[in-house]
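Q: Quick one: the structure is below, questions incoming.
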Amino acid sequence: MSTPLIARYAVAGNPVAHSRSPAIHAQFAQQTGQALDYSRLLCPLDAFTRTLRTFADSGASGCNVTVPFKFEAFEMAARRTPRAELAQAANTLRFDPPTEGGWLADNTDGQGLVRDITVNAGVPLAGQRVLLLGAGGASAGVLGPLIETHPAEVVVANRTLDKAQALVERHAAWAAQHGVRLSSRPLNDPGLAYDVLINGTASSLSGEGIPVQAQVLRAGSLALDMMYGPAAQAFLQWAQDQGAVARDGLGMLVEQAAESFALWRGVRPDTGPVLAALRAQLEQGSH
């Protein structure tokens, strides 16, 4: 009996040492009976393209892409899914050969975020007022799928307002199509009392503190940080102190990983047990 060929993947970024993606994909592979190896790929800030091409040329099948390379990953691909086109950023690459059209870029972040909020957290987004912090690759990836859930309003707040405006303009037709009010605001004047707050800035990762004033929340709001583990603790504590429901990005991480896995392997794993196991590991580590 022949041994199945082991497909190779990685998470590419800088930093990547903290990433839980290898553990997540190992559990997905075991669950679905897929033969794959998933590692971390640290990319120098000035050599992402070269590092990734070397990895692909070594026979790898694809990769996930994390900060700060999601825009570069999008540019490298010969083909893009509609949601990657809308985001102009990619967190998933499939290294298809030129005979099959070349590399395919996708963005599974938004689908992962929406599924975590609506399914795992049980919070409906339809009709809600949503504040999205940041206009970088993370926010670009989630805005389109957020709009698809038909919230009443989405406001994108960013320190550099023109970046937020550019992101909003790119999604204006999509928002109009879904009947969603979409606008941009400066980070120091983001508005008041939102139903859902999503932190897509790098503030937690860099330890910069909370990027907005407490007035953006009301009692019972959902406040989600895309980061997880120790990096997210300050944000989560701040949200709880305001009477909000605090949530980290672990569920989003697992759900977007499942979308990537499905793109690569043609099968969607069951995320529930993987998220529960990961949550238990993180909680043990914090004691």
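Q: If we scan region 229-242, do we find a residue that is in contact with a Ser or Thr (Cβ under 7 Å, 6 or more places away or on another chain), part of a loop (DSSP other than H, G, I, E, B) and closer than 21 Å to Asp109 by Cα?
A: no
Q: Would you please name the residue that is surrounded by the fewest Cβ atoms within 10 Å (Cβ to Cβ), looking only at residues in region 46-68 that are in contact with a Ser or Thr (Cβ under 9 Å, 6 or more places away or on another chain) and at pLDDT 95 or above?
A: Gly62
Q: Now a separate question. Hey, could you check region 132-151 for residues that are under 13 Å from Asp195 (Cβ atoms) and touching a Ser or Thr at 6+ places or on another chain (Cβ under 9 Å) and say which is surrounded by the most Cβ atoms within 10 Å (Cβ to Cβ)?
A: My answer is Leu132.
Q: Here's something else I'd like to know. Please verify whether region 34-45 includes one or more residues that are assigned to a loop (DSSP other than H, G, I, E, B), touching a strand residue (DSSP E or B) at 6+ places or on another chain (Cβ under 6 Å), surrounded by 14 or more Cβ atoms within 10 Å (Cβ to Cβ) and outside the structural domain of Gly229 (by TED's automatic domain parsing).
A: Looking for residues that are assigned to a loop (DSSP other than H, G, I, E, B), touching a strand residue (DSSP E or B) at 6+ places or on another chain (Cβ under 6 Å), surrounded by 14 or more Cβ atoms within 10 Å (Cβ to Cβ) and outside the structural domain of Gly229 (by TED's automatic domain parsing), one finds at least one in region 34-45, hence yes.
Q: Return only the number of the condition from (1) touching a residue at least 24 places away in the same chain (Cβ under 8 Å); (2) surrounded by fewer than 24 Cβ atoms within 10 Å (Cβ to Cβ) that Leu113 does not satisfy.
A: (2)
Q: Being part of a loop (DSSP other than H, G, I, E, B), in contact with a strand residue (DSSP E or B) (Cβ under 8 Å, 6 or more places away or on another chain) and buried (at least 19 other Cβ atoms within 10 Å of the Cβ), is that true of even one residue in region 246-266? Even if it seems obvious, please write down each step before you answer.
A: Within region 246-266, the subset part of a loop (DSSP other than H, G, I, E, B) is 248-249, 266.
Right, trim to in contact with a strand residue (DSSP E or B) (Cβ under 8 Å, 6 or more places away or on another chain) and you get 248-249.
Next, only the ones that are buried (at least 19 other Cβ atoms within 10 Å of the Cβ) stay: 248-249.
So far as region 246-266 goes, yes, one or more of its residues are part of a loop (DSSP other than H, G, I, E, B), in contact with a strand residue (DSSP E or B) (Cβ under 8 Å, 6 or more places away or on another chain) and buried (at least 19 other Cβ atoms within 10 Å of the Cβ).
Q: All but one of (1) surrounded by 22 or more Cβ atoms within 10 Å (Cβ to Cβ); (2) under 29 Å from Ile6 (Cβ atoms) hold for Met227; state the number of the condition that does not hold.
A: For Met227, the exception is condition (2).
Q: While we're here: Kindly indicate the residue of region 189-207 that is modelled with pLDDT under 90, of a type outside the set (Ser, Thr, Tyr) and more than 13 Å from Arg159 (Cα to Cα) and also surrounded by the fewest Cβ atoms within 10 Å (Cβ to Cβ) among those meeting that condition.
A: By that ranking, first place goes to Gly207.
Q: Something else: Which helices (runs of 4 or more DSSP H) sit wholly inside region 111-195 and have at least 2 residues that are more than 25 Å from Arg268 (Cα to Cα)?
A: 161-170, 172-177
Q: Okay, next question. Report yes if some residue within region 87-108 is free of Cβ contacts under 8 Å to residues at least 40 places away in the same chain, in contact with a Gly (Cβ under 8 Å, 6 or more places away or on another chain) and aromatic (Phe, Trp, Tyr); otherwise report no.
A: yes
Q: Is it the case, given these coordinates, that Gly102 is outside any strand (DSSP E or B), in the same structural domain as Trp264 (by TED's automatic domain parsing) and at pLDDT 95 or above?
A: On the way: outside any strand (DSSP E or B): yes; in the same structural domain as Trp264 (by TED's automatic domain parsing): yes; at pLDDT 95 or above: yes.
Taking the combined requirement at face value, the residue satisfies it.
The values are calculated or read from the model by the stated rules, or taken from the named source; none is laboratory data. This structure is a prediction, so every number in the text was calculated from the model and none was measured. Cβ atoms come from the backbone with ideal geometry, glycine included; neighbour counts cover every protein chain shown.
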